[in-house]
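Written out below as structure tokens is the structure these notes cover.
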Amino acid sequence: MTKPASPPPTRERERDRAFASAPATEATAEPPVESPWARAMELALEEADAAARDGDVPVGAVLVPPTLEVAGAIRGRNLREFAQDPTAHAEIVALRGAAELVRRWRLDGWTCVVTLEPCPMCAGALVNARVGRIVFGCRDPKAGAVRSLFEITSDPRLNHRLDVVEGVLAEPCAERLKRFFAERRREGKK
């Protein structure tokens, strides 16, 4: 009996392999979660830090183009306080930048890498922009709309669904949020 041929690699697997830029490390008990996205998440964390310096909740996002070149990623960070705009979430800022760059609202094949699980508004915007994948660091138990409270990006009733990768650099993502809100509480701010 002959063994059936393995299925050809999917486009997503090929992209993930092409995106992997980190050198191989020794095997450990628990390998890093989705290390191919770590560099993009580091850029999103830089944006989160910039948001915190501006007095905004430290959430950062990058939109990685279909070529998976991190150098071509469009950055965004929370600007709600800075811009006094309730829609200026990191993902929305990055989506606007990417759409302006390619002069199209459809962002087929792009990947959104964000430090915090998107809220309903942002998850809906990612679906409407036809983004191919969402990669997020930590879950948002109060407003998460990808896995925690809702599953907007994978809802079969909608006309588009995204691949979901969660947990990339989750600890540093969560730590920035914890530190930010602890400082706000100490200062007596909401």
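Condition check ((1) exposed (fewer than 15 other Cβ atoms within 10 Å of the Cβ); (2) under 18 Å from Arg77 (Cα atoms); (3) in contact with a helix residue (DSSP H, G or I) (Cβ under 9 Å, 6 or more places away or on another chain)) across all residues:
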| residue | (1), (2), (3) |
| --- | --- |
| Val135 | no, yes, yes |
| Lys142 | yes, no, no |
| Val146 | no, no, yes |
| Thr153 | no, no, yes |
| Asn159 | yes, no, yes |
| Leu162 | no, no, yes |
| Glu166 | no, no, no |
| Leu169 | no, yes, yes |
| Cys173 | no, yes, yes |
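Within the range 132-149, residues that are among the small types (Gly, Ala, Ser) have Cβ atoms under 7 Å from residues that are outside any loop (DSSP other than H, G, I, E, B) and open to solvent by 20 Å² or more (accessible area, probe 1.4 Å) in these pairs: Gly132/Asp108; Gly132/Asp163; Gly137/Leu116; Gly137/Ala170; Ala145/Pro120; Ala145/Ile152, counting only partners at least 6 apart in sequence or on another chain. Pairing residues of the range 156-174 that are on the phi < 0 side of the Ramachandran plot with residues that are modelled with pLDDT under 95 and part of a loop (DSSP other than H, G, I, E, B), at Cβ distances under 7 Å and at least 6 apart in sequence or on separate chains, gives Val165/Glu34; Val168/Val33; Val168/Glu34. Within the range 110-124, the presence of at least one residue that is among the small types (Gly, Ala, Ser), open to solvent by less than 30 Å² (accessible area, probe 1.4 Å) and within 19 Å of Pro156 (Cα to Cα) is confirmed.
Residue by residue through the range 32-81, note down the ones that are free of Cβ contacts under 8 Å to residues at least 12 places away in the same chain, within 26 Å of Arg103 (Cβ to Cβ) and assigned to a loop (DSSP other than H, G, I, E, B). Please lay out each step first, then the result.
Of the range 32-81, the ones free of Cβ contacts under 8 Å to residues at least 12 places away in the same chain are 32, 53, 67, 69, 71-72.
This time we only want the ones that are within 26 Å of Arg103 (Cβ to Cβ), so: 67, 69, 71-72.
Those that are free of Cβ contacts under 8 Å to residues at least 12 places away in the same chain, within 26 Å of Arg103 (Cβ to Cβ) and assigned to a loop (DSSP other than H, G, I, E, B): Thr67, Glu69.
Going residue by residue through the range 66-79, is there one that turns out to be at pLDDT 95 or above, over 22 Å from Arg184 (Cα atoms) and touching a Cys at 6+ places or on another chain (Cβ under 8 Å)? No, the range 66-79 has no match at all.
In this structure, is Ala50 at pLDDT 95 or above, within 17 Å of the chain's Cα centre (by Cα), within 19 Å of Ala182 (Cα to Cα) and open to solvent by less than 40 Å² (accessible area, probe 1.4 Å)? Against the criterion (at pLDDT 95 or above, within 17 Å of the chain's Cα centre (by Cα), within 19 Å of Ala182 (Cα to Cα) and open to solvent by less than 40 Å² (accessible area, probe 1.4 Å)), Ala50 qualifies.
Just one of Glu42, Glu34, Glu117 is under 15 Å from Leu169 (Cβ atoms), modelled with pLDDT under 95 and under 13 Å from the mean Cα position of the chain (by Cα); which is it? Let's see the steps before the verdict.
Numbers: Glu42 fails: modelled with pLDDT under 95; Glu117 fails: modelled with pLDDT under 95.
One residue alone meets the criteria, Glu34.
Output the number of the condition that Glu100 fails; it satisfies all remaining conditions of (1) modelled with pLDDT of 95 or more; (2) surrounded by 17 or more Cβ atoms within 10 Å (Cβ to Cβ). For Glu100, the exception is condition (2). Listed by position, the strands (runs of 3 or more DSSP E) inside the range 82-190 whose residues that are within 18 Å of Asp54 (Cβ to Cβ) and out of contact with any Lys or Arg (no Cβ under 6 Å at 6 or more places or on another chain) number at least 1 are 111-116.
Could we say that Pro65 is farther than 23 Å from Arg176 by Cα and either open to solvent by 40 Å² or more (accessible area, probe 1.4 Å) or of a type outside the set (A, V, I, L, M, F, W, C) (or both) here? Give the derivation first.
On the way: farther than 23 Å from Arg176 by Cα: yes; either open to solvent by 40 Å² or more (accessible area, probe 1.4 Å) or of a type outside the set (A, V, I, L, M, F, W, C) (or both): yes.
Considered against the rule, which asks whether it is farther than 23 Å from Arg176 by Cα and either open to solvent by 40 Å² or more (accessible area, probe 1.4 Å) or of a type outside the set (A, V, I, L, M, F, W, C) (or both), Pro65 comes out as yes.
The values are calculated or read from the model by the stated rules, or taken from the named source; none is laboratory data. This one's a predicted model, so the numbers in the text were calculated from it and none came from an experiment. Cβ sites come from the backbone with ideal geometry, for glycine too, and all protein chains shown count toward neighbours. Note: areas computed on protein heavy atoms with side chains; ligands, DNA, RNA excluded. Shrake-Rupley method; radii C 1.70, N 1.55, O 1.52, S 1.80 Å.
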